[in-house]
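Since the structure comes first, as structure tokens, the remarks are kept for the end.
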Amino acid sequence: MQKYIDETKFATSSLIDLIWEDFASLENLNAELKRLTAEFNVKYQVFMANEFHPAANYYHAQMAKVAQPKRELENHIKEVSQSIDAKSVSIAALSGALLQIAKQCISLRYGKPQNAPDGENIGGVLVKDIIFEGRNQSIHYENPKEISVNVINLFGKLDAIRNDGVVWDARSQVNFAFEIVRLLGWRTHNDFVDHLKSIKSKKSS
């Protein structure tokens, strides 16, 4: 296992850095969208108030001044929304690749997850199971029929652990790879390695 960890260090470190860099950018984009939407709502209210004003002809010039910024805001909101979608897809793909490396590390040494030592757990759910089923959901998320009962059951356990009122529906055609990585707390390469080494038995190498 150690050899595989060493050989994939550059890849995993790069993936983790990119994931959290993209996440920071996504947070900024979401904040920008929130600000733009609030500004748009104000301008839209002004536009509508002038349009239906009893002296609408008198307010024609004012309406023209409002209409142009409103259109510009609409376009800007669309652009930011598209950037958010693209960044979200990127983060999910990178996270899926990271889960694949982790899964492969366990599989190469132990084969099936039930053959591997338990290792650490999060709220009573084994990290190795979170890795395997999180990776499986990420691989098959576009085809709900390929999402196994094991994945669904694990996601239900994770919902209970988080207890935040948000349901991770494994068959919703949403890639939850980043949510899994965030739950695992993999913000550095050391975080990633610590979980894998916890699965390593005393006789393993």
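The values are calculated or read from the model by the stated rules, or taken from the named source; none is laboratory data. Note that the structure is a prediction, hence the values are computed from the model and not measured. Using ideal geometry, Cβ is built from the backbone for each residue, glycine included, and neighbour counts are taken over all protein chains shown.
What the table below lists for this structure:
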{"quantity": "Selected residue (criterion: farthest from residue 191 (Cα to Cα)) from residues of the stretch 107-136 that are of a type outside the set (Val, Ile, Thr) and in a strand (DSSP E or B)", "calculated": "126"}
{"quantity": "Subset of the stretch 32-87 that is aromatic (Phe, Trp, Tyr) and modelled with pLDDT under 75 - its residue that is nearest to residue 174 (Cα to Cα)", "calculated": "44"}
{"quantity": "Residue list for the stretch 80-106, restricted to those being surrounded by fewer than 22 Cβ atoms within 10 Å (Cβ to Cβ) and among the polar types (S, T, N, Q)", "calculated": "81, 82, 83, 88, 90, 100, 104"}
{"quantity": "Subset of the stretch 142-182 (residues that are out of contact with any Ser or Thr (no Cβ under 8 Å at 6 or more places or on another chain) and among the aromatic types (Phe, Trp, Tyr))", "calculated": "155, 168"}
{"quantity": "Flag for residue 153 being modelled with pLDDT of 95 or more, within 21 Å of residue 104 (Cα to Cα) and not aromatic (Phe, Trp, Tyr)", "calculated": "no"}
{"quantity": "Answer from 117, 113 - the residue that is touching a residue at least 60 places away in the same chain (Cβ under 8 Å) and on the phi < 0 side of the Ramachandran plot", "calculated": "117"}
{"quantity": "Some residue of the stretch 156-164 being of a type outside the set (Val, Ile, Thr), crowded, with 19+ Cβ neighbours inside 10 Å and touching a strand residue (DSSP E or B) at 6+ places or on another chain (Cβ under 7 Å)", "calculated": "yes"}
{"quantity": "Hits in the stretch 137-169 - residues which are touching a Leu at 6+ places or on another chain (Cβ under 7 Å) and in a helix (DSSP H, G or I)", "calculated": "138, 158"}
